[in-house]
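A.B. asks: Below: one structure in structure tokens.
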Amino acid sequence: MDFKGADILTTKQFSREDLEKIMGVARGLEKYALKQETSELLKGYVMASLFYEPSTRTRFSFETAMNRLGGKVITAVGMEFSSLYKGETLHDTGKMMENYVDVIAMRHPEKGSVDEVARAAEVPVINAGDGPGQHPTQALLDLYTIYVEQGKVDGLKIALSGDLKYGRTVHSLCVLLGHYDVELVFVAPEELKMPEKITNYLDEHGVKYTETEDFDGAIRDGVDVLYCTRIQKERFTDKSEYERLKSVFVLDKAKAMTGKSDMTIMHPLPRVGEIAEDVDELAGAAYFRQARNGIAVRMALLAMVLGKV
Amino acid sequence: MDFKGADILTTKQFSREDLEKIMGVARGLEKYALKQETSELLKGYVMASLFYEPSTRTRFSFETAMNRLGGKVITAVGMEFSSLYKGETLHDTGKMMENYVDVIAMRHPEKGSVDEVARAAEVPVINAGDGPGQHPTQALLDLYTIYVEQGKVDGLKIALSGDLKYGRTVHSLCVLLGHYDVELVFVAPEELKMPEKITNYLDEHGVKYTETEDFDGAIRDGVDVLYCTRIQKERFTDKSEYERLKSVFVLDKAKAMTGKSDMTIMHPLPRVGEIAEDVDELAGAAYFRQARNGIAVRMALLAMVLGKV
Amino acid sequence: MDFKGADILTTKQFSREDLEKIMGVARGLEKYALKQETSELLKGYVMASLFYEPSTRTRFSFETAMNRLGGKVITAVGMEFSSLYKGETLHDTGKMMENYVDVIAMRHPEKGSVDEVARAAEVPVINAGDGPGQHPTQALLDLYTIYVEQGKVDGLKIALSGDLKYGRTVHSLCVLLGHYDVELVFVAPEELKMPEKITNYLDEHGVKYTETEDFDGAIRDGVDVLYCTRIQKERFTDKSEYERLKSVFVLDKAKAMTGKSDMTIMHPLPRVGEIAEDVDELAGAAYFRQARNGIAVRMALLAMVLGKV
């Protein structure tokens, strides 16, 4: 795809070539994300940070990316949109915003809402999460983290664990991994299995995967990457089943050390007990670096859609 | 008036010469508002964006203006002011803010509140709307839009339609148009007629106006500018009367095309059905450009009160 | 202490030498705080402004300091943290934030919370108030104000009046004044006397102090500095006692003029009647300058912890 002027709306819009390009640009901009050098690449550009639903983490990542490339940011969060909501269509919001800024990063609780703004606005729109819909920059930073931590993506054995049924991040990551020669291991209780729409997609793309409920066994069997997610109580009708599983799907240092010595441990964060703090000491504990990688990846997307690389 | 260091509080403070000056400066800065060039005119200056009442649209317009001229912004919105409210007088808020910033853009739900801050603060204060009071920058961008779209203001026939009784924007625009040789047509149902304080003002300024309830007829009769506003349900005791009028005062493409071929169509936005989306296709549909013009006009005011032009 | 990379968490961490250093740097940066010159000293640096509890005044002071030294700011306030709260530990918040920014200014309603983030984050953290805990930058700007207004600190007679029992600012200021050769006068009703932990601290540091309930007398007796604070109704079980004292502890111009002609009058603001507006006319009325001094002091701290002075 031609990135200049493009909207970034879904993981499904990328070819493998696109993914390689994004990761390459992110790699090149990483020195600014790591605060080793300063940049004025996006000087004179303004980004609107429209977070109809608060997400301080994602918002800060976008705003840091823009700021560290020399750009500026105008922000609106949460409640404040009451006034915008007041009867205005998302179409009109898009037409309005294109006057103000050069690029829009937008999060909204309703699926499809970001697409609607993107259709109306002539400036590029980046989806920062539209409820149960897409969150493409999260998937891109996950892929980038695998690439940076392991030095490659092809040939890896990657386990995704926890809530694979409802977990938006693991679904989106699978869409991207469909372009690679990887072996996937889905580790989830029966109630939270990976849905067919994802396994079908992987079948079509010729990606091999296995399914198991045995978290400890999956680690012991040796995977290159372990991507953990949270199991949420509200998903279970049988609460005692939840209590049992909650403790099974907890990674601590001892358990992590039964896996490959260079196993990369990932998590979209925030974690709430799924990964014990003693895991932080391990060289493979990549979840904070993963969050940090979001800055380089968002820098890359901003620079690319603004036609500055 | 001498703009350097001045407060911008009300449409009544401007002479025709002042208006011409603001529009001239706005014209000169428009290339920055249109993102064609970047500017550092206000580098080193900081604006406080104090929105006691959220208005994302107006706030973004001010902040974009400041940012695109190289200035910086500190922002506080809505709820957050609970702490400031905590017993502090607006006088003290003004004395406090003058320490922090070079200029203040302020919106507040209470009439007269912005004046109070302006009296206390030594730095210029720009009224971004004080409840039922004034919203001078809106009127200035409306006037500027007429000027830019039609190439002049004198000699034009301008229709204002909808809720002329309570509509703050149409009242403020009339105050500015009082300085021009224009012919006004007030198109409103009996319940929402232009109040006497405005018609008296126009009489004093020798501005001709006619009044009608016939929206379609006013368009067919041929006006250069049609400024639409919303009719709000809560204004009516007889709700069936509201239902009848609501559909009468809707502009669609077919209706718009019965008017002059170069008729400029304006609206303060947000629209909620008063202008159908098919009107957007017309060359004269100026409402999104009107919103965009707010940036150039606010740039002009900021630069002028800071003494940079 | 070595300021580069250091956290600023409590007034207790400073030696007299540290205090002199901060005040010296603040003095040097004051021209930027006073908007007389612009600076790019912190260009390329980004500060996170994390205000879990809104405090527009303190936040604006930090953000103005950062902006006027050429740095950038990303901000999150109040409600928005709901998402961060969602189970994430302050430890993880610190680990997350260190990726985004170069320095953190943080306010939080719970004592010790800022320390927790500081322990986790590798970047410097500045405590902007942790509930009933510490608010070191307020104490530093108070000390700096005394120094600037009176030209020295040693040798001064300083009265602290109002709610000395619960007033966080007066306690913190006492900790700093413990390093100086000053004479203190505590002016408070019996119910709101300075607590022993502070008087013991002063005893240990050899600082002389006297205690009185006579507000008028203390002024007449002649003090170089009068630091007023508010008496809050909720502190009293006997509300009639509150009503009596409230009016006693009010400073007006006439009363102020019974004191030393060059008496410096301070207040942490906001004031709610404790200082009448006619006091503002006096040359010694320093409370708005005191607020302004917060910018220079915070500039100094930011520049020092970032290793730029």
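A.B. asks: For C:GLY155, all conditions in the list (1) surrounded by fewer than 21 Cβ atoms within 10 Å (Cβ to Cβ); (2) at negative phi; (3) part of a loop (DSSP other than H, G, I, E, B) hold save one; what is the number of the exception?
C.D. replies: The failed condition is (2).
A.B. asks: Quick check on the stretch A:203-211. Is at least one of its residues under 29 Å from A:LYS152 (Cβ atoms), within 14 Å of chain C (Cβ to nearest Cβ) and among the small types (Gly, Ala, Ser)?
C.D. replies: Within the stretch A:203-211, not a single residue is under 29 Å from A:LYS152 (Cβ atoms), within 14 Å of chain C (Cβ to nearest Cβ) and among the small types (Gly, Ala, Ser).
A.B. asks: Something else about it: Which of the residues spanning the stretch B:143-161 are out of contact with any Leu (no Cβ under 7 Å at 6 or more places or on another chain) and of a type in the set (Gly, Ala, Ser)?
C.D. replies: Those that are out of contact with any Leu (no Cβ under 7 Å at 6 or more places or on another chain) and of a type in the set (Gly, Ala, Ser): B:GLY151, B:GLY155.
A.B. asks: Residues to consider are C:ARG57, C:ARG68, C:ARG27; find the one that is at pLDDT 95 or above, assigned by TED's automatic domain parsing to the domain that holds C:GLU110 and within 14 Å of B:ASN99 (Cα to Cα).
C.D. replies: Being at pLDDT 95 or above, assigned by TED's automatic domain parsing to the domain that holds C:GLU110 and within 14 Å of B:ASN99 (Cα to Cα) holds for just one of C:ARG57, C:ARG68, C:ARG27, which is C:ARG68.
A.B. asks: Any idea which residue in the stretch B:207-217 is surrounded by the fewest Cβ atoms within 10 Å (Cβ to Cβ), counting only those that are under 23 Å from the mean Cα position of the chain (by Cα) and of a type outside the set (Val, Ile, Thr)?
C.D. replies: Only one residue tops the list, namely B:LYS208.
A.B. asks: Only one of these is outside the structural domain of B:LEU301 (by TED's automatic domain parsing) and under 17 Å from the mean Cα position of the chain (by Cα): B:VAL153, B:VAL125, B:VAL114. Name it.
C.D. replies: Result of the check over B:VAL153, B:VAL125, B:VAL114: B:VAL153.
A.B. asks: Taking strands (runs of 3 or more DSSP E) that do not extend beyond the stretch A:9-108, which have at least 3 residues that are buried (at least 22 other Cβ atoms within 10 Å of the Cβ) and within 11 Å of chain B (Cβ to nearest Cβ)?
C.D. replies: So the answer is A:46-51, A:72-77.
A.B. asks: I'm checking my understanding of the structure. Among residues of the stretch B:286-309 that are away from chain A (no Cβ under 14 Å) and over 14 Å from B:VAL123 (Cα atoms), which one is surrounded by the most Cβ atoms within 10 Å (Cβ to Cβ)?
C.D. replies: B:ALA300
A.B. asks: Regarding the stretch B:179-188, can at least one residue be identified that is out of contact with any Pro (no Cβ under 7 Å at 6 or more places or on another chain) and part of a helix (DSSP H, G or I)?
C.D. replies: Looking through the stretch B:179-188, none of the residues is out of contact with any Pro (no Cβ under 7 Å at 6 or more places or on another chain) and part of a helix (DSSP H, G or I).
A.B. asks: Kindly indicate the residue of the stretch A:203-244 that is in contact (Cβ under 8 Å) with a residue 40 or more places away in the chain and in a loop (DSSP other than H, G, I, E, B) and also farthest from A:ARG289 (Cα to Cα) among those meeting that condition.
C.D. replies: By that ranking, first place goes to A:PHE236.
A.B. asks: So, one more: Tally the residues that are surrounded by fewer than 23 Cβ atoms within 10 Å (Cβ to Cβ) and either in contact with a helix residue (DSSP H, G or I) (Cβ under 8 Å, 6 or more places away or on another chain) or modelled with pLDDT under 95 (or both), restricting the search to the stretch B:142-152.
C.D. replies: Looking only at that region, the number is 3.
A.B. asks: Tell me, please, whether a residue that is touching a Phe, Trp or Tyr at 6+ places or on another chain (Cβ under 7 Å), modelled with pLDDT under 95 and not hydroxyl-bearing (Ser, Thr, Tyr) can be found in the stretch B:273-282.
C.D. replies: Checked the stretch B:273-282: at least one residue is touching a Phe, Trp or Tyr at 6+ places or on another chain (Cβ under 7 Å), modelled with pLDDT under 95 and not hydroxyl-bearing (Ser, Thr, Tyr).
A.B. asks: Given the structure, is C:THR229 touching a strand residue (DSSP E or B) at 6+ places or on another chain (Cβ under 9 Å), within 19 Å of C:LYS165 (Cα to Cα), among the hydroxyl-bearing types (Ser, Thr, Tyr) and crowded, with 21+ Cβ neighbours inside 10 Å?
C.D. replies: yes
The values are calculated or read from the model by the stated rules, or taken from the named source; none is laboratory data. A quick note: this is a predicted structure, and the numbers were derived from the prediction, not measured. For neighbour counting, all protein chains shown are included, and Cβ atoms are generated from backbone atoms with ideal geometry for every residue, glycine included.
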